[in-house]
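The values are calculated or read from the model by the stated rules, or taken from the named source; none is laboratory data. All figures in this text were calculated on a predicted structure; none of them were measured in a lab. When we count neighbours, we look across all protein chains shown, and the Cβ atoms used for this are built from the backbone with ideal geometry, even at glycine. For the accessible areas, the whole protein counts, side chains as well, though only heavy atoms, and no ligand, DNA or RNA atoms are used. Shrake-Rupley method; radii C 1.70, N 1.55, O 1.52, S 1.80 Å.
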Amino acid sequence: MIRKKYTVRGMNCASCSAHVEHSVKNLEGVSLVEVSLMGATMIVEYDETIINDEDIINTVNSGGFNASIYVKNRAVNEENKKLEKNKFNKLITSIILMVILMYFSMGEMLHLPLPHIFNKFPYINGLIQLVILIPIIILNNHYYINGIKRLIKLSPNMDSLVAIGSIASLIYGMFSVIMLMIGSFTNNEELIHTYHMQLYFESAGMILTLVSLGKFIENKSKGKTTKAISKLLDLTPKTALILKDDKEIEIEVDDIKIGDTLIIKPGTNIPIDGIVISGTSSVNEASLTGESIPVLKEKDSHVISGTINLNGLLIIKATCESSDTTLQKIIDLVEVASNSKAPIARLADKVSLYFVPVVICISIISFIIWIIVKMPFEFALARAISVLVISCPCALGLATPIAIMIGTYKAVDYGILIKSGQALEILHNVDTIVFDKTGTLTYGMPKVTNIIPVNIEEDELIKIAYSLEKNSEHPIAYSINTFAANKNIIPYEITGFENIVGYGIKARINNDEIYCGKEELITDQYDKKIYTKFLEEGKTVIFVSKNNQLIGLIALKDIVKETSINAIERLMKMKKTPIMLTGDNKYLASIVAKECGIKEVISGVLPDGKASVIEEIKNKGKIVAMVGDGINDSVALTNASVGIAMGSGTDVAIESAEIVLMNDDLNNIITMIQLSDKVIANIKMNLFWAFFYNALFIPVSAGALYPIFNITLNPMICALAMSLSSICVVLNALRLNRFKKGEK
């Protein structure tokens, strides 16, 4: 199975995207189709041995759309900007012409000054209105081209409704002008009186203009939802300074190759992922992690594209190309997630597929009924047109994706990556959260907590231990070395270094034999109470001896993160059950669990058993989120209802999870749950009003209230209402931008 992304042009409403998805999904060999109306894209997962790109593209194109392989283009598309400006100019021209048209059509009713010749020859007014209407039709001819094309392809969309409604108004208006001309030439006053206020040209023009105005406002509002991606793209500079033959050369970022040496000046954005080869500086990584405190970078430190070098000159070596940077991967993940569909959208998708054909049938039926009950032809026609132009498949289509998109982008602000709309929907219902211990609840790296020198100065003990441990790659050695380096201790020269597998290390300093390691190789007497106390506290103890004489103990512990303690407390207040799942022994696991405030501990579980534990919890009817960071957590992350990976974890864990916490702060789980609550509530509200709007106003526009209350809706009012319904859905979703971390 392969997964590919396509660009699909010509989709204007939810009915369009539903038809595209339905037609491709029915192809043999296709297992997944996700069509984004917002992004004009389609993601297809298919078996390349059964079907290929050409088959998929031809299927979409046969429906009257235009599909092609998606090509990533980070540069600003000037052609699209010109297209948008052209649309705006057309809209302004249409509005000006519409105002003039309304003057001539409503002038008599509003007692506005009109040429006296209109009284004698009213058809002249009609001809003038037709002349004014023609440019409006030409400016907005895409509704006719797209709408009629969709009708011919038997997959009508919103453009089809607008086209049918405005064409019907135009044809009836022309018929009325002909009747007025006949009445004028035959002096038939009754005929003139019947048709001189039934021209309907203003309805045709108003439908086109108001729908275009609504689309313009809607697109402007939708544009605000993509500002997070624009902000991320702006983090990477277009050019970079490369050091070549001892010269600074400015090149395009896209031309950087792996291994290139780059100069990062203070106050500039880092253009590529790399390793510092010289220099020291503080780097602001808030754009990716949400953490505002700058991070110190020095020789051998990793730097990430899009972060800001604050106060020092850094020389780095590129470790990837521009298409593979951490920032680009984040952008790709966010785009995929924002275009994905949540399960809650399925009902709207099903409705959208049949919505327009049903509306056309209702329009025809309402026309026939009013003719049967002997209402005037123009009344029946007005009801049919009103049904067509008030129906809004766009509101249904926008209800879910726009909220998912904003929620996904909002999460990026807090250093959280969401890979799917499904994860965003499920998260607010999670009642059980399973945590891995090492690297998730704890820092994952032991830290020196206690130093007990015996007949020696503390710094001297550290110096001796550092001298040996700097030659070891063990995590404990790394912790001791870091501790010593932070105290600016300079190690001794050693000889005869020996690694005693399973016990420790040995070497000589100035002919003295030094040992660092486990208790088993210590023959000297010492106070075992201290050792026992450290063990009870869940600490690892390193013994240091000199010529078989104990000179000190160094205790280390994998410290529980303060953020973990706070997060567990907050989750329990939210009635979420935290569980620790670890491969460590019960004794050590219980110590860490007690520090975190977790009451339920499942310990001694092998990596392949973690997934089984998750399944057992799910079988009890629980909705489970799994939080982990290691390779041994990857299967469990996949099996959980929602998998959450720590950003510092392994690539396998991050790939397996649906949510990634870039700054490793477990409090962001609370943020995600709160954001999920807001997004789902927003989607439900959007869907309710979209269904309610159509369910209420389609019957009203058909004339359901006329027999009892004498209430009807003018086609122009219907066109305005249709435009406003989509705008309201978008504006309601934009309220999610007000979400703030820590909100109750």
| task | Taking only protein heavy atoms into account and a 1.4 Å probe, give the accessible area per residue of the stretch 372-466 in Å². | result | 29
| Calculated on alpha-carbon atoms, Rg and Dmax of the chain in Å | 35.1, 130
| message | Once the cut-off is 14 Å, how many percent of the Cα-Cα pairs in the stretch 670-713 end up in the long-distance tail? | response | 62
| Mean separation of Cα contacts under 8 Å (6+ apart) over length of the chain, as relative contact order % | 13
| said: Keeping every protein chain present and rolling a 1.4 Å probe, give me the accessible area per residue for the stretch 596-744 in Å². | reply: 44
| Expressed as a rounded percentage, what relative contact order does the stretch 55-194 have, with Cα pairs under 8 Å and six or more residues apart? | 20
| What is the Å³ per residue value for the convex hull set by the Cα atoms of the stretch 307-404? | 162
| said: Exceeding 19 Å between C-alpha atoms, which entries from my cross-link table qualify? They are Lys4/Lys220; Lys437/Lys575; Lys329/Lys410. | reply: Lys4/Lys220; Lys437/Lys575
| message | For Cα pairs less than 8 Å apart in space and 6+ apart in sequence, what is the mean separation divided by the residue count of the stretch 470-617, i.e. the relative contact order in percent? | response | 13
| request: For the stretch 493-535, restrict the atom set to alpha-carbon positions and state the Rg and Dmax in Å. | output: 12.5, 34
| task | Compute the Rg/Rh shape ratio of the stretch 1-115: radius of gyration over Kirkwood radius, all on alpha-carbon atoms. | result | 1.26
| task | Could you point to the residue in Val592, Cys392, Leu731 farthest towards the positive end of the chain's charge dipole, with +1 and -1 charges on the Cβ of Lys/Arg and Asp/Glu respectively? | result | Cys392
| note | Residue span Asn429 to His111: 0.36 nm per residue of separation minus Cα-Cα distance leaves a gain in nm of 108.3 nm
| message | Please report Rg (one decimal) and Dmax (integer) in Å for the Cα set of the stretch 522-585. | response | 18.1, 57
| So, counting K/R as plus one and D/E as minus one, what does the shell of residues with Cβ under 12 Å around Ser169 add up to? | -2
| note | Net charge (Lys, Arg +1; Asp, Glu -1) of residues whose beta-carbon lies under 14 Å from that of Glu457, Glu457 excluded, is 0
| note | For Gly10, the residues 5 or more places away or on another chain with a placed amide H closer than 5 Å to its own amide H are none
| How much of the accessible area of the chain, in percent, comes from carbon and sulfur atoms when a 1.4 Å probe is used? | 58
| query | Roughly how tilted is helix 14-25, in degrees to the nearest 10 and between 0 and 90, from the longest Cα axis of the chain? | reply | 60
| field | Probe 1.4 Å, protein heavy atoms only - accessible area per residue of the stretch 1-139 in square angstrom | value | 56
| Karplus (6.51, -1.76, 1.60) ³J(HN,Hα), θ = phi - 60°, over the stretch 252-261, in Hz, Gly and Pro reported as x | 5, 4, 5, 8, 5, 10, 4, x, 5, 9
| Estimated vicinal HN-Hα couplings, Hz - the stretch 123-137 in sequence order (Karplus 6.51, -1.76, 1.60; Gly, Pro = x) | 5, 5, 4, x, 5, 5, 4, 5, 5, 5, 5, 4, x, 5, 5
| request: Over all alpha-carbon pairs in the stretch 235-332, figure out the percentage whose distance exceeds 24 Å. | output: 11
| field | Surface/4 estimate of mean projected area, convex hull on alpha-carbon atoms of the stretch 640-744, nm² | value | 10.1
| note | Of the listed pairs Lys463/Lys528; Lys5/Lys25; Lys594/Lys620; Lys299/Lys487; Lys599/Lys620; Lys447/Lys594, those with alpha carbons more than 22 Å apart are Lys463/Lys528; Lys594/Lys620
